[in-house]
Structure formats: structure tokens, C-alpha cells
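A short reminder: the numbers here are calculations on the coordinates, not readings from a lab. As the structure is a computational prediction, the values presented were derived from the model and not from experiment. Positions of Cβ are generated from backbone atoms using ideal geometry, with glycine treated the same way; all protein chains shown enter the neighbour counts.
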Amino acid sequence: MADLGNILLFFLFPVSVFTALTALAAGITKRRGLLEAARRGAYAAFGVTTMAVLALEYLLITSDFSIEYVASNTNYALPLFYKIVALWAGHNGSLLLWTWIVTIFGAIVAYQNRRKNNDIMPYVLMVMAITMTFFSILSVFIANPFETLYQEMGNTLQEFAVADGRGLNPLLQHPAMIIHPPILFVGYVGSVVPFAFAIAALLTGKLGTGWIHTTRRWALTTWGFLAVGIVLGGKWAYVELGWGGYWAWDPVENASLLPWLTATAYLHSVMIQERKGMLKVWNMALVISTYLLSVFGTFLTRSGIVSSVHAFANSGLGPAFAIFIGLSTIFSVGLLLYRRHDLKPDEEMESLVSRESGFLFNNLLFLLGTIAVLWGTLFPVISEIFTGDQITVGPPWFNNIMIPIGLAVLLLTGVGPLLAWRHTSVETMKRSFGFPILGSVVLVAILYPLGVKDGWALGSFAISFFVMWTIVVEFIKGANVRSKNSGENFFKAMYILSRKNTRRYGGYIIHAGIVVMFIGFTGNAFNTETRAEVAEGDSFGLGPYTFNVIAVKHAETPNYSSETLEMEMYRGDRLISLISPEKRYYFASEQPSTEVGIYSTLREDIYAVLSGMSNDGERVIVQVYRNPFVSLVWIGSFILVVGTLFAMVPNLRETKGGVE
């Protein structure tokens, strides 16, 4: 099976090259036969890569320890579930997954556009095939997941199989591993589709809104998958790493955030181009940046240039990625500069107090956030180049920069819909902003005496209230107008109104999810914690809670041994819950892991971590965190997903007999 996998990967390289060259020839000669050949090349690349993925899965499931990747990421005692997901748990396998997703999207785009966009499709397929070619080179020549193990026997090297594998990294043995990496990869790889259409539009001079309309759902899908992938990564960190939080401004976390920021900016500013014919160069730049930052995120994870719990070991892929990113940047930026005169805006900005300016300021804030995160992420590398030492910037630096930027973006989320296109009069502003501002002031006046003294927290609560007010009012106002004009009841009017403009109202739902998430983020300002060395029968407290230690239990499975601290959690005299943090030691990898105990409510999480043994070896060390509003982060994420899906639903069309 390994030989078959190698043959398939080696075949993928010429197929990708054939597709790229044939597509280029089709674009130059305008011959439909060549375009059809390129399209079939995209299908073939998908088929070949799919079979290679299945071949690797077979080797993982059957525990073929003559394959280095299998031996490095699985063992006999590993549950089948984790053997399957080990496809993307290691370096070489995850690159194969990246390549597979590229070919999937290439095949989908080729099929979707088989009868349309023939003027730009050759170049779309060419760009996607070049990306396939690059990743096929990595999988074939640098990071081949089908490499076999060899040992020296006399003067020759002979294949051999180890008795058992090293097992899966304990940090990855969590159910989130099923979906977090693939979802994040879909978000990364999905950026190649809008990028390919943008480059094709630049190459052909077809610079209208056609390519934007074609890629609208692709851009939103990419954005949605990135958002979900980031949140799932936060959830995984929260329950697996045992440090009490879900976001630490880790370099690889930041790498996933960067393309999300530029993609978010694009989804907002592209509406200005569609409606007003403005920001054309800017939108092209955002599409290009999102793709390049997605590839950069993959590079950052695998190059070894930064230290991260999420990163793979130094793999030697850094130079290849650096060359690809450099050439892609030079080509894309050069092409954009060449076409800049053809991308002049159709209209000029008329007023700073307008919806257009709101979108523009929103974009500038996203750009500022992207630059800040990129600078903070790469600063250790830059400092090492100039000083010889890696100087890291920690969470306080990122928080000081990103909290005000985030709150400003959140504020514009509420302000933007209240502004009129072209110009907003003073009377309109008074009418639109009066009540939400008054409500926010009243909220601050209530919260401050109740003990909310942190300025950023007060600002976050006030802005969140303001934005949620504007979102609710938008739904109510629109439904009331439709109900009055159509005679429909209020709820039917709201449903029909939303379904007639799913993009707009889906956006409002997404904004509502963001507001809920921001309230959850604000809970970090009120986190408290305690640390105790305890034995059976001991008690300790945190805030209104008391923890009584019942037992410290030892257990053993074929995969790991564990120590579990069982505690009763009381609030006053009332038993709230049993909470049981655990420490595991995995035999195959010889690594420990932490399984936290969490009691979660809408108001707060009680988060317990078994840290280790005391110096005398007679007690265990437990840390307990009280984290307010964490559940709202996950609830807001769910609302965001609902809004994203709703925004992709086709609009209802009005007919004489009703809607359809």
C-alpha cells in the first residue's frame, strides 16, 4: 500500500504541472479543447490525491509500522478513532490533507464553471494548479508521508518495522481533533479560490464585479471556516492545555487570525465596490493578502522559526515556503500595480459621516489589527536577526494593542448600519443614536456601583449594549414597515424580510454573535484563581465556593495511566457538582497530559487543574480558576455560524402571488 501511495503522489506532480500549463495555453490561445483538458486535469488531480489519502488512512488503521509517519503518530493501543485522525496529526500527513483540499476545491471550481466564465477560467485553473503543484512538490520530495523506515545491515540499508509506534501526541488525543484541523485547513485553502479569480481578472482585464459575484459565497465560506477553526482551537486549548484560558496570542494562533482579519475586511469593503464602484484596488489587495497570509500560516506552523505548542518540529520546509510566498507576492503585487489604472473608483467619497466612510474606517482598523498581530508574531524572528536573541512579546503587549482596536471595530459594527449612504444628516444621527447611547450610559451607571471598575470592561459592556440595540432595532423596524405595507403579521414579516435579503440579515446575526463573544471575552477582566496542596479530606475555597477533596485515584488503560483528583464543589451548604481534574501519562510517547475538570454555567466556569505532586510526595497540587462568561464565547460562536449559513441561503423572490 505504501508503494501505491508513493506512485500516486509521484503521479500527482505531473498531473498538476499538466493542468497548469494546459490552462495557461487555453488562456493564451482561447481554445476550448485545451480548457476542457485543464478541467479534466483538475478532476484527475482530485482523484489521485483522494486515493493517496485513502492509502495513508489504510496504513494508519492497520498499524503498518514500517512507515515512518505511522510509527511516529500511532501505536497499537491507540483507539481506532485517533488512528483515523492521525492523518492530520503529524507534519507530513497534514500537508497531504492541505494538498487534498486544494484538489477538492480545484475540481469543484472546474465543475461549477464548466459552462460559464470561460474567458477567465483558464487562468483560474492555472493559479489553482500552480498551488497544487507547489504542495505536490512538498509531499513528494520533502515531506512524503509514505517514507519507509530503514536500518543499516552490513553495508546496505534495509526496510524494517518497529515493534510498536510512538503514539499520538497526548495533546491531540481529544475529540476536537476530528474537526479542528480540517475545518481550519478548509478556511486556509478556501482562500485560493477568490485569489485565483482575482488574479484571473487582473490577467484578463475583466475587472468588473463578475469575479466578485462568482466568489462571494467562496469568500464567506472561507471566512466562516476560519472563524470556526479559530474558535475550536480556542476550545481545544481551554480543555487540553490546562492553563485556564482559551487564547494566549501564541504565534500559530495568530497565524490563523491574520487571514481571518483580512477576509473580514474584504467581506465588508466588497459591498462598497458592488454598490458604489469604490475600493477596487483595496479589495484586490485584501483578497491577495488573505491568500498569502493563509500560506504564511501554514509556513509558520512548519518552518520552526517560532516556538509554539501548536507548531510542528523544524521540518526543512521553511526555504520552500519562503520562496513560494516571495514569488507569489512579487507576481500578485506586480500584477495589481500594472492594472491599478484600470481599477479607478467609479465614485468618490462624499462625506466622512456616511456608510461608505464607516466601512472604510472599519477596514483601516482591521488593517491596523493585522499589522499589529503580524509584527508581534514576527518580532522574535526580527529581534534575533538584529540582536542574536529572540525577544518575545507576550499577551500583555497584544492585549494593550488589540483591545482598543477590537472595541473600535465593535463600535463601528453598531454605528455603520445607522449611517446613510453618501451623507448622514445631523437629524438622522440624533434620531438613530440617541436611545442606544442613552441606554449605554445608563448601563455604565448601573454597573459601576456594582463593582465593575475596569475601564475596558465598562467600555466593552457599553459598546456591546449599543451594538445589540442597533441590531434588534434593524430587525424590528424593517418588520414593522413590511407588516404595515403587506398586512402580514409581525413575525411573518420579519421572516420574509430576512429571507429576501439573507446577506444583510445574516450579517446582522453574525454581528449579534460577535457581540455575545465580546461579552464573553470581557469576562477575562474578572478572572480569579487559587492554588492548593491537598490530600484526601482537605478543603479549600475560591470566592463563594468550597472544594472538599474526596479521593485521589489511580487508574491504568492500555494507552495511559492516570491520577484523578475527585472533589465536591459547594456553594454555601449546597452541593453544586463533583469536579475531577486528571493527570495522564501516555506509555508510547512517554509524555504527560492534563485533563481539566470544568463546571460550566452561563455565568461562569469553574476550571480545575491537577498540576502535580507536592515536594514531599504526599499531597497533590490543584489549581482552580473562576472564569466569568466563558460560555458566552461558545454561544456567540454558534450564533456566528448560524448567521454565516443564513447569509449563504439564496434570497426569496417576490412574485405577484407572494414569495418563492
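Brief remarks on what is shown
- Among 105-111, 441-447, sorting by the average number of other beta carbon atoms lying within 10 angstrom of each residue, highest first, gives 105-111, 441-447.
- Packing rank of 44-53, 480-489, 360-369, where each peptide gets the mean count of other beta carbons within 10 Å, highest leading: 44-53, 360-369, 480-489
- Convex hull per residue volume in Å³, alpha carbons only, for region 95-212: 148
- For the chain: rounded, prolate or oblate by the Cα gyration tensor [a/c cutoff 1.5]: oblate
- Inter-label distance for F490 and Y76, nm, one decimal - labels placed 7 Å from Cα along Cα-to-Cβ: 6.8
- Pairwise centroid distance, computed over Cα atoms, of region 392-435 with region 352-372, Å: 9
- Part-to-part distance (alpha-carbon centres) for region 127-145 and region 223-250, which is given in Å: 29
- Kirkwood Rh and Cα Rg combined as Rg over Rh, evaluated for region 1-173: 1.09
- Charge dipole (the chain, unit charges on Cβ, about Cα centre) - positive-most of L78, I130, G277: G277
- Charge dipole (debye, nearest 20) of region 1-173; +1 at Cβ of Lys and Arg, -1 at Cβ of Asp and Glu: 1200
- For region 526-633, the extents of the C-alpha atoms along the principal axes are 40, 33, 22 Å, listed from largest to smallest.
- Cut-off under 5 Å, modelled amide H: who pairs with S577 long-range: M569
- Rounded to the nearest 20 debye, the dipole size of the chain about its Cα centre is 3780 debye, using +1 on the Cβ of Lys and Arg and -1 on the Cβ of Asp and Glu.
- Karplus (6.51, -1.76, 1.60) ³J(HN,Hα), θ = phi - 60°, over region 553-562, in Hz, Gly and Pro reported as x: 10, 10, 9, 9, 10, x, 9, 7, 10, 8
- Each of I199, I496 was scored by other Cβ atoms within 10 Å of its Cβ. Listed from fewest to most, they are I496, I199.
- Order of D164, D389 under a 10 Å beta carbon neighbour criterion, fewest first: D389, D164
- For S611, residues with placed amide H under 5 Å, excluding near neighbours: I621, V622, Q623
- Centre separation in Å (Cα based) which lies between region 586-660 and region 1-44: 43
- Eligible lysines near K344 by straight Cα distance, threshold 19 Å, same-chain separation 8 or greater: K206, K276, K280
- Whole-Hz Karplus values for region 405-418 come out as 5, x, 5, 5, 4, 4, 4, 5, 4, x, 6, x, x, 8 Hz, taken residue by residue from phi with 6.51 cos²θ - 1.76 cosθ + 1.60 and θ = phi - 60°; glycine and proline positions read x.
- Each peptide in 498-504, 233-239 receives the mean, over its residues, of other Cβ atoms within 10 Å, and ordering these scores from highest gives 233-239, 498-504.
- Radius 13 Å from Cβ of L24, net charge of other residues (Lys, Arg +1; Asp, Glu -1): +2
- One decimal place: the segment A161-T209 gains 11.6 nm when fully extended, by the rule 0.36 nm per residue minus the C-alpha distance.
- Taking 0.36 nm per residue of separation and subtracting the Cα-Cα distance, full extension of the segment from T387 to M349 would add 9.1 nm.
- For K583, the lysines whose Cα falls under 16 Å of its own Cα, not counting residues fewer than eight places away in the same chain, are K553.
- Under 13 Å of direct C-alpha separation, and excluding same-chain neighbours fewer than eight residues apart, K116 reaches these aspartates and glutamates: E36.
- Sequence-distant residues sharing a close amide H with A420 (under 5 Å, placed H): R355
- By the count of neighbouring beta-carbon atoms within 10 Å, fewest first, F160, F134, F466 end up ordered F160, F134, F466.
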